[in-house]
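To start, the structure under review is shown below, and the notes come after it.
Every read-out reported here was derived from the displayed coordinates using simple, explicitly stated rules and does not represent laboratory data. Here the structure is a predicted model, which is why all the values come from computation and not from measurement. Neighbour counts run over all protein chains shown; Cβ positions are idealised from the backbone, glycine included.
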Amino acid sequence: MAAGGRLLLLFLLPWLVTASHSPPGCKIRITSKGLDLVKQEGLRFVEQELQNITVSDLHGKEGQFHYNISQVKVMDLQLALSDLHFQPQQHLVFNINNASISLRFRRQLLYWFFYDIGSINASADGVHIHTVLQLAKDEAGRLKISNITCNASIARMHAGFSGTLRKVYEFLSTFIVTGMRFLLSQQICPSLEHASLVLLNSVLDTVPVRNYVDEHIGIDYSLLRDPAVSTDTLDLDFKGMFFPRVRENQELENHAVEPVIKETERMVYVAFSEYFFDSAMHSYFQAGVLAIELQGEKVPKDLEVLLRATFFGTIFMLSPTVDAPLRLVLQVSAPPRCIIKPSGTSVSVSAFLNISLVPPGHPAVQLSSMAMETKLSARVYLQGKALRVQLDLRRFRIYSKQSALESLALFSLQAPLKTLLQLTIMPIINERTKKGVQIPLPEGMDFTKEVVTNHAGFLTVGADLHFSKELREVIEKYRPAPTAAARPSSEPTAPSMEPPQL
């Protein structure tokens, strides 16, 4: 029995692994080229954060020499040698090497009976910062920086003294310079930790996770799992499922092919499976909006004449309702299906068309109920951050749900009804899809030079990135309110007589 149980487990193991891995409806890959662009914008942000470093006052005594250093201000930074790269499994590594920081601070010095005040210019050289950011999925399914490790060091520091007591300053400058070096190095990492865990995460909060698309449907862009990071790429698997607002907790099982992105030439790739589009159409169907009614003057005149001629015998027998207005009700009978092939994308739609007379003051009289099968070609394209679809009628067939004889009689309606769809119905549908749906990117970041490529069961959009807004602008817009935990609660203790030797 034990051996049989192990054998059964071996057979079931592949199925269990597959079942535990939910395929994404949408996948995004950021490549090293995209990371280079992020580095340029991120470096400006780091410079701005380091310029706002707050250094506590430094004071001390050495014999008859008393000193007090205050109002320390960063004047300039040179961060020429920097690097941002991927580190498996879930990390980004940000390095700054051999940077320099220029400072200015106020001095108050007392030596015997000599008292001196003024400002001092100093420079910290050989600044090295090593930061590792851990990326993860939070409880809401949003990408976040979950942890940061940081190490900072300053190789040397120099202060320029002038004035009557210059020789004295230079003799005792070791106490001042070493103390300032200690305080400055202790403030770099807390500043970057706050910038990452609070400010950059506020930018990631702008990525849509579960939003309404319109008054009928919404979309779930929650991450299915933590990001997968290789040496060259960062892959994000999103649920990519639309839902009807009338049934927000409804789940549509994903049986589509999982998108596979192999390319790395562009900055970013976004892949969508058939499930992504099927769930949208299924949601609209569940919301009951895939129906259009035309009555009276809204029915094209040529089509009305043809319909009255086709059903003349029936209409004549219904006299005196011959002049009653016609009503056409076109309703999708099942959720449309999307088919993505290397040759293109299409949508199959099954519907029925009811044709009735609506005599004033009398019940409607149904003339015919015909089934329709259509195939629409779909052009998927990206504009800004909106994924849009342009539909066009490719194939169309109608037949009677009642008899083969009536299907033959309806053959003459094939062309005019197709024209009705092309001129009247398709513009209404395309107007609804014109707005599109937003791709899950942070605010201020957009796509350029988009190229759509079809595969078997999914399509990919390769694009480059650009910042339409500066990172600082987005951060200031969504900056969280200050809290006690936003920055370190206590400043490092300032050294006085004997600062630690670094």
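Using a simple spin-label model with pseudo-atoms 7 Å out from Cα toward Cβ, Q78 and Q40 lie 2.3 nm apart. If R0 equals 35 Å, the separation of the Cβ atoms of Q48 and A456 corresponds to a calculated FRET efficiency of about 0.15.
Sites listed here are GluC sites (Glu not before Pro) in the range 182-255 whose DSSP assignment is loop and whose Cβ has at most 10 other Cβ atoms within 10 Å: E215, E253.
Computed extension length for F411-S22: 135.4 nm, one decimal, from 0.36 nm per residue of separation with the Cα-Cα distance subtracted. Exceedance of the 32 Å cut-off in Cα-Cα distance is limited, within the set K301/K434; K341/K434; K27/K418; K298/K434; K341/K435; K39/K341, to K27/K418; K39/K341.
Counting only residues at least eight positions apart within a chain, or on another chain, the aspartates and glutamates with an alpha carbon under 13 Å from that of K73 are E49, D57. Note on V365 and A386: with the Förster distance fixed at 51 Å, the Cβ-Cβ geometry gives a FRET efficiency of about 0.70.
Dipole magnitude for the range 32-205: about 340 debye, using +1 per Lys or Arg Cβ and -1 per Asp or Glu Cβ, origin at the Cα centre. On full extension, the segment bounded by D57 and A136 gains 24.6 nm, given 0.36 nm per residue less the C-alpha separation. Annotation for K33 and K477: the two label points, set 7 Å from Cα along the Cα-Cβ direction, are 2.7 nm apart. Hey, which aspartates and glutamates would be in cross-link range of K144, C-alpha to C-alpha under 16 Å, not counting anything within fewer than 8 residues on its own chain? Reachable aspartates and glutamates: E193, D205, D226, D235, D237, E443.
Compared with the alpha-carbon gap, the fully stretched path from R379 to D226 is longer by 51.9 nm at 0.36 nm per residue.
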